[in-house]
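Below: one structure, written as structure tokens.
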Amino acid sequence: MKDTSTYESPFCTRYASKEMQYIFSADKKFTTWRRLWVALARAEMKLGLPVTQEQVDELEANIDNIDYECAAEREKLVRHDVMAHVYTYGQVCPKAAGIIHLGATSCYVGDNTDIIVMRDAMQVVLKKLVTVIAQLSAFAEKYKDMPALAYTHLQPAQLTTVGKRATLWINELLMDLDELEYRIKNLKLLGSKGTTGTQASFKELFEGDSSKIKELERMIAEEMGFDAVVPVSGQTYSRKIDSQIINTLGNIAQSAMKFANDMRILQNFKEMEEPFEKNQIGSSAMPYKRNPMRCERITALARYLMIDTLNPAFTAGTQWFERTLDDSANKRISVAEGFLACDAILNIMINVTANPVVYPKVIRQRIMRELPFMASENIMMDAVKRGGNRQELHEKIRTYAMEAGKQVKEEGLENDLIERILADPSFGLKREDIEAVLVPENYTGRSSEQVTEFLAECVKPVLDKYSSLTHESAEINV
């Protein structure tokens with residue numbers, strides 16, 4: 001039976017995917033430690049140190065054979081996690097026990113593993129980010145011609161289209177993708193730098209042969225899937241790397257929050273909704289409610305992630321000289337949870353963007369309530385063409401618009417600006433004349449063209465580049 005008497009992180013029980021949870025698991029961490037020890041031993045063997053193929057093979061065969069109880073007991077005794085795992089590895093690799101971790105310091109496995117874990121986690125984030133972009137792009141294409149009220153200051157402004165608004169969300173996500181790609185491409189392994197970054201122990205091992213020391217790092221990096229190691233370091237890689245990466249995730253959170261808040265407002269307007277499951281309950285007290293709970297969750301998690309970006313920033317700023325240990329406890333929480341939060345956010349976004357609900361009639365109704373105001377100049381110019389006086393008609397429309405606005409705001413009645421204009425013979429217009437002007441599609445500017453151009457020029461190259469990625473619908477907890 002599951003133990004319910006201790007704290008469990010909601011990231012594990014409710015939010016983050018199993019895929020991302022595994023990347024930050026003990027199994028991933030300690031098998032990566034062992035892969036690094038194998039890579040170190042193999043490189044040392046090839047470069048002439050007293051390490052045998054038999055020892056390397058023994059280490060490789062036992063990468064997954066981890067006795068966690070043995071490691072825990074040993075750590076209690078020696079108060080050192082790396083040395084506890086060196087001992088535990090040696091217990092199942094007796095022939096290789098004496099050469100495990102040869103010349104290395106704790107950060108050889110600790111920091112290199114952190115870099116590998118962040119690389120793998122960023123690749124998961126990238127896959128999901130591309131999925132969201134792909135789904136929103138299909139939505140933008142589908143609704144590129146559908147007029148909708150645009151808003152400045154959250155007040156009705158000139159018209160846009162439903163699809164054009166979606167491109168605003170996509171554009172920010174593309175900015176995030178650019179940054180994420182940069183972080184992945186430029187990520188470097190720490191390598192084997194030693195206790196203060198001087199590689200003194202390796203200089204001793206290789207009898208002063210710097211070329212072999214440099215080749216050792218190159219071989220390890222290649223085996224672990226990296227093109228390079230950092231050029232210089234103290235004992236650790238610069239903690240600015242953690243800050244830069246978590247900031248990138250924080251930027252994704254900003255974009256996600258912007259999208260989610262727009263969706264929450266649109267759901268209030270009854271123009272759009274996030275998907276609503278058949279048996280979903282909106283409220284325990286109000287059975288009719290359809291709350292934007294997924295987008296609210298995006299907003300909540302995004303807020304957490306944006307604040308979390310401060311943790312690696314302060315850690316980077318407070319490292320003393322070649323290193324201090326005040327980073328460890330903070331980074332193992334802040335980095336892991338930053339990725340788990342980003343993963344959860346993107347899971348929900350995949351779910352919401354897969355099938356957002358659009359209500360065209362409500363969108364049209366809301367437009368038509370505001371369009372008479374927006375079309376007043378066109379109506380006036382049409383009347384001028386029929387012989388009206390521009391200045392006189394302008395003053396009349398201004399007066400009628402104020403009266404109609406008062407009727408809407410103070411009386412709760414419909415906008416009757418058109419009726420007032422029709423009743424004034426100085427305009428010389430019939431209802432069909434005005435209806436010919438009140439066509440929402442005529443007021444969306446280049447919205448539709450912009451969508452087509454944006455998708456073709458900016459989005460398609462990205463989707464083509466990542467066409468091999470699997471776009472799967474995300475299962476999320478309600």
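The values are calculated or read from the model by the stated rules, or taken from the named source; none is laboratory data. Treat the numbers as computed from the prediction; the structure is a model and nothing was measured. Virtual Cβ from ideal backbone geometry, glycine too; neighbours counted across all protein chains shown. Ligands, DNA and RNA are stripped out before the accessible areas are found, and what is left, the full protein with its side chains, is counted by its heavy atoms. Shrake-Rupley method; radii C 1.70, N 1.55, O 1.52, S 1.80 Å.
Details
- Angle in degrees between helix 390-411 and the longest Cα principal axis of the chain, rounded to the nearest 10: 70
- Nearest-ten-degree value, helix 293-308 long axis tilted from longest Cα axis of the chain: 50
- Computed magnitude of the charge dipole of the range 370-478 (debye, nearest 20; Cβ of K, R +1, Cβ of D, E -1): 400
- Distance from the alpha carbon centroid of the range 353-431 to that of the range 304-321 works out to 54 angstrom.
- CD proxy at 222 nm, helix term only [per DSSP H run n ≥ 4: -39500 (n - 2.57); per residue of the chain; nearest 500]: -20000 deg cm²/dmol
- Dipole magnitude of the range 97-231 about its Cα centre (Cβ charges: Lys, Arg +1; Asp, Glu -1), debye to nearest 20: 500
- Using a probe radius of 1.4 angstrom, the carbon and sulfur fraction of the accessible surface of the chain is 52%.
- All Cα pairs of the chain, percent lying beyond 29 Å: 62
- Projecting label points 7 angstrom from Cα along Cα→Cβ for LYS409 and LYS203 puts them 7.7 nm apart.
- Multiplying each eigenvalue of the alpha-carbon gyration tensor of the range 218-373 by 5 and taking the square root yields semi-axes of 44, 16, 15 Å, largest first, rounded to whole angstroms.
- Farthest toward positive dipole pole in the range 1-134 [+1 Lys/Arg, -1 Asp/Glu at C-beta], among PRO50, ILE63, LEU77: ILE63
- Near the amide H of THR309, within less than 5 Å, lie no amide hydrogens of residues on another chain or at least 5 residues away, with H placed in the peptide plane.
- Helix 106-142 axis, angle to the chain major axis (alpha carbon atoms, nearest 10°): 20
- The range 74-210 - Debye-derived log10 I(q)/I(0), Cα point model, q = 0.14, 0.15, 0.17, 0.22 Å⁻¹: -0.82, -0.89, -1.02, -1.22
- Restricting the range 1-109 to chymotrypsin sites (Phe, Trp or Tyr not before Pro) in coil, as DSSP defines it, with at most 12 other Cβ within 10 Å: TYR7
- In plain terms, if you count all Cα to Cα distances in the range 335-478 and split them into 5 Å steps from zero, the share in each step is 2, 8, 12, 13, 12, 10, 8, 7, 7, 8, 7, 5, 2, 1, 0 percent.
- Computed E for GLU181/ASN261 - FRET, C-beta separation, R0 22 angstrom, nearest 0.05: 0.25
- Positive-end ranking of VAL117, LEU438, SER255 along the dipole of the chain, with charges on Cβ about the Cα centre, is headed by LEU438.
- About its Cα centre, the dipole of the range 6-86 is roughly 360 debye, where the only charges are +1 on Lys and Arg Cβ and -1 on Asp and Glu Cβ.
- Of the listed residues ILE348, ILE63, the order by accessible area with a 1.4 Å probe, largest first, is ILE63, ILE348.
- For the range 309-432: relative contact order, % (alpha-carbon pairs under 8 angstrom, 6 or more apart): 18
- For the chain, relative contact order (Cα pairs under 8 Å, six or more residues apart, normalised by length) works out to 19 percent.
- Between ASN65 and GLU395, the contour length at 0.36 nm per residue exceeds the Cα-Cα span by 110.2 nm.
- FRET efficiency, 1/(1 + (r/R0)^6) with R0 51 Å, evaluated for PHE269 and GLU73 via beta carbons: 0.25
- In this structure, the pairs whose alpha-carbon distance is over 27 Å, taken from LYS203/LYS331; LYS214/LYS465; LYS144/LYS396; LYS28/LYS127, are LYS203/LYS331; LYS214/LYS465; LYS144/LYS396.
- Under DSSP loop assignment and at most 12 Cβ neighbours within 10 Å, longest trypsin sites (Lys or Arg not before Pro)-free interval of the chain: 80-277
- Remark: the chain carries 51 Å² of accessible area per residue (probe radius 1.4 Å; ligands, DNA and RNA excluded).
- Dipole of the chain [Lys/Arg +1, Asp/Glu -1 at C-beta], most positive-end residue of ALA401, TYR87, PRO461: ALA401
- Amide H contacts of ALA148 (H built 1.01 Å from N, in plane; Pro and chain starts excluded): THR160, THR161, VAL162 sit under 5 Å, all sequence-distant by 5 or more or on other chains.
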